[in-house]
Amino acid sequence: MKKVKVIVLMSGGLDSMLAAKLLLAQGLEVIGVCFESNFYSCAKAKIAAEQIGIELKVVDISKEMLDLVKNPPTGYGKHLNPCLDCHGLMVKSVFAKATTDKDGAIVATGEVLGQRPFSQTRPSLKKVEKLAGCEILRPLSAKLLPETEAEKKGLVNRGRLLNIKGRNRERQMELAKKFKIKEY
């Protein structure tokens, strides 16, 4: 039987590493994807992927990001801050560039509901899915969000996902110890 494939957006931070580890613990095939542009590199994500033992695909979205900053579809925040557009572009790019096997791949992130005041609210998370044109599994906060199709179909065990919310990082630190993640 073919393993369920999950594409996890990897920033190199602890939350994306934990999301990947939670899915690996379910026996899923986890592939990390990091996006490089004029604004950021994948150096941290490469170290993170190696540390948790997953393949990492690097996708250059420099041109797309410049276009996005010049003309963000959802507008600017108080300052130059097209967070939602950027995140939507990244998720959409997973299907366009990072994988040739688009059928059945689940897209996941390490986003935590309420951790960021603008980009990780319920409406913002939903908007990113709309911009990306696909559903996103968020393993760290899944139990606080509507069930995804992957969960409904039993491809991912919702019971083994979490209900982390807000800016307190205590549970993430406990998980880092459990998964023996030392650098993030």
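The values are calculated or read from the model by the stated rules, or taken from the named source; none is laboratory data. Just so you know, these numbers come straight off a predicted model, no measurement behind them. Don't worry about glycine lacking a Cβ; one is built from the backbone with ideal geometry, like all the others, and counts go over all protein chains shown.
What to note about this one:
- In the condition set (1) acidic (Asp, Glu); (2) within 14 Å of the chain's Cα centre (by Cα); (3) modelled with pLDDT under 85, ASP101 is compliant with all but (2).
- Count of region 146-184 residues, restricted to those that are at pLDDT 95 or above, under 18 Å from ARG122 (Cα atoms) and outside any loop (DSSP other than H, G, I, E, B), is 1.
- Contact map, region 146-157: residues that are touching a residue at least 12 places away in the same chain (Cβ under 8 Å) and surrounded by 11 or more Cβ atoms within 10 Å (Cβ to Cβ) paired with residues that are among the hydrophobic types (A, V, I, L, M, F, W, C) and assigned to a loop (DSSP other than H, G, I, E, B), Cβ distance under 6 Å, separation 6+ or inter-chain. Pairs shown: ALA150/VAL156; LEU155/VAL4.
- Filter result (of a type in the set (Ser, Thr, Tyr) and either closer than 17 Å to LYS180 by Cβ or surrounded by fewer than 17 Cβ atoms within 10 Å (Cβ to Cβ) (or both)) within region 1-30: SER16
- Count - residues of region 6-51 that are under 24 Å from GLU64 (Cβ atoms) and either aromatic (Phe, Trp, Tyr) or in a loop (DSSP other than H, G, I, E, B) (or both): 11
- Residue identified as surrounded by 17 or more Cβ atoms within 10 Å (Cβ to Cβ), modelled with pLDDT under 85, within 14 Å of the chain's Cα centre (by Cα) and not basic (Lys, Arg) among VAL112, VAL107, VAL128: VAL128
- Residue match in region 120-129 (condition: more than 17 Å from SER16 (Cα to Cα) and not in a helix (DSSP H, G or I)): yes
Residues are listed down the side, and each one gets a yes or a no for (1) modelled with pLDDT of 95 or more; (2) not β-branched (Val, Ile, Thr):
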{"position": "LEU14", "(1), (2)": "yes, yes"}
{"position": "ALA25", "(1), (2)": "yes, yes"}
{"position": "LEU28", "(1), (2)": "yes, yes"}
{"position": "CYS34", "(1), (2)": "no, yes"}
{"position": "TYR40", "(1), (2)": "no, yes"}
{"position": "GLN51", "(1), (2)": "yes, yes"}
{"position": "VAL58", "(1), (2)": "no, no"}
{"position": "MET65", "(1), (2)": "no, yes"}
{"position": "ASN71", "(1), (2)": "no, yes"}
